[in-house]
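In what follows, a single structure is set out as structure tokens and then discussed.
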Amino acid sequence: MDIRRESAETLRNKCSACFRQYNKMEHLVEHMKVSYHSVHEPKCGACRKHCRSFESLREHLIGPLPKVECARVFSVRGCSICLNIFDSQAAARYHRSACQYSRAAPMPKSGAGGRAVAMACKMVGGGSDGSVDLCARVCLIGEDETVIFQTYVKPTAPVTNYRYEVTGIRPEYLRDAMPLKLVQRRIQDILCNGESLWKIRPRSYGRARILVGHGVEQDLERLGLEYPTFMIRDTAKYPPLMKTSKLSNTLKYLAQAYLGYDVHTGIQDPYEDCVAVMRLYIRMRTQAHPRDYASGSGEVQNNYPAWRQRELERMSPEELLALSASDYYCWCLDP
């Protein structure tokens, strides 16, 4: 009798998102305060469990110790790239052919298609040991994967290591390269798109473009550029794409796992990096989430204040989840 009562009480104290169980309701409330569950988290299509990242969801479905029932369903009706589960085996088979990308060949220059622009740089080495990063090549593409701007950049310091095995850059490529000051102006013009940098506001839907990349802050620093953080979408720092809360995945891994093809198999082309990050961004932006700015804005809110503690402890797990909000900005909210 006591065992049944304890079991029912524990079930009542079960988180509706991650399914963790607690002995007391007050412990569940404390969990909800720090977990930041929301409708924007990756979710298992079989059991509906919320996961912090797609890596956690992958472990749940096809990891070394997966949830057995979910793994069984996923093996028949799941897609190993987007990790979705479909209504039938035929639907899953039809989807997989469209879900997997192939490597893209550079497309001719054109205007920027869409609001987002992807940027990638390749660095050569400066300093006595060649460890100082100097930007030597940059590429920007639009959402349609056409090149907007691409050039070699004249380094601002002597180059001591061209890192040819990775960059493919030789000394003669940089002799008549574009000066950094001119490169800065061109990139700034493309990103701001006629809007003053100081006028750009969050979710203003102005003319300024969203900047997509992998390790964008480092690229901007080496280029000597500044751009508002709220206009940057970095695949190295987006929580659903990270390995852990503090450890990023490489672009090579992300392309292989979530696009279905390999990059960085030889000399690295910045255009290929741009295409990979743009595809990752569009895949994340088109996630089928409710367009709920309250729970996906990334603004950390205290929805569980201490003065409501007694009221919160009387709520059901589902009601507690409805109050929860994400601690990161979900890209599905981009226009």
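Examine region 38-60 for a residue that is modelled with pLDDT under 95 and aliphatic (A, V, I, L, M), and state whether such a residue exists. Within region 38-60, one or more residues are modelled with pLDDT under 95 and aliphatic (A, V, I, L, M). Determine whether region 258-276 contains at least one residue that is without any contact (Cβ under 8 Å) to a residue 24 or more places away in the chain and at positive phi. Yes; the residues of region 258-276 include at least one that is without any contact (Cβ under 8 Å) to a residue 24 or more places away in the chain and at positive phi. Screening TYR164, TYR152 for residues that are among the aromatic types (Phe, Trp, Tyr) and crowded, with 18+ Cβ neighbours inside 10 Å leaves exactly one candidate, TYR152.
Close Cβ contacts (under 6 Å, 6 or more residues apart or on different chains) running from residues in region 65-82 that are of a type in the set (D, E, K, R) to residues that are assigned to a strand (DSSP E or B) and open to solvent by 20 Å² or more (accessible area, probe 1.4 Å) comprise ARG77/ILE85.
Here are some residues: GLU313, GLU318. Which one is open to solvent by 20 Å² or more (accessible area, probe 1.4 Å), of a type in the set (D, E, K, R) and touching a Lys or Arg at 6+ places or on another chain (Cβ under 9 Å)?
Details: GLU318 fails: touching a Lys or Arg at 6+ places or on another chain (Cβ under 9 Å).
It is GLU313.
Within region 192-206, being open to solvent by 40 Å² or more (accessible area, probe 1.4 Å) and either among the small types (Gly, Ala, Ser) or within 18 Å of TYR271 (Cα to Cα) (or both) holds for GLY194, SER196, SER204. Against the numbered list (1) surrounded by 14 or more Cβ atoms within 10 Å (Cβ to Cβ); (2) in a helix (DSSP H, G or I); (3) among the acidic types (Asp, Glu), ASP189 comes up short only at (1). Looking across region 126-144, just one residue is on the phi > 0 side of the Ramachandran plot and open to solvent by 30 Å² or more (accessible area, probe 1.4 Å), and that is GLY127. Only residues that are open to solvent by 50 Å² or more (accessible area, probe 1.4 Å) and among the acidic types (Asp, Glu) were counted across region 224-254, and they come to 1. Within the group LYS199, LYS246, which residue is without any contact (Cβ under 8 Å) to a residue 12 or more places away in the chain, in contact with a Gly (Cβ under 8 Å, 6 or more places away or on another chain) and more than 26 Å from ASN84 (Cβ to Cβ)? Just one listed residue meets the conditions, LYS199.
Among the residues of region 277-304, count how many are closer than 21 Å to HIS31 by Cβ and open to solvent by less than 20 Å² (accessible area, probe 1.4 Å). Result for region 277-304: 3. Counting residues in region 129-142 that are assigned to a loop (DSSP other than H, G, I, E, B), at pLDDT below 95 and charged (D, E, K, R) gives one or more. Within this structure, SER245 passes the test of being over 24 Å from LYS122 (Cα atoms), within 21 Å of the chain's Cα centre (by Cα) and of a type outside the set (A, V, I, L, M, F, W, C).
When you look at ALA17, is it farther than 24 Å from GLY298 by Cβ, crowded, with 18+ Cβ neighbours inside 10 Å and either small (Gly, Ala, Ser) or modelled with pLDDT under 95 (or both), yes or no? It would help to see each step written out before you state the result.
Numbers: farther than 24 Å from GLY298 by Cβ: no; crowded, with 18+ Cβ neighbours inside 10 Å: yes; either small (Gly, Ala, Ser) or modelled with pLDDT under 95 (or both): yes.
So ALA17 fails the test.
The values are calculated or read from the model by the stated rules, or taken from the named source; none is laboratory data. Owing to the predicted nature of the structure, the values given are computational and were not obtained by experimental measurement. No Cβ is skipped: glycine too gets one built from the backbone with ideal geometry, and neighbour counts run over all protein chains shown. Keep in mind that these areas ignore ligands, DNA and RNA; they rest on the heavy atoms of the full protein, side chains included. Shrake-Rupley method; radii C 1.70, N 1.55, O 1.52, S 1.80 Å.
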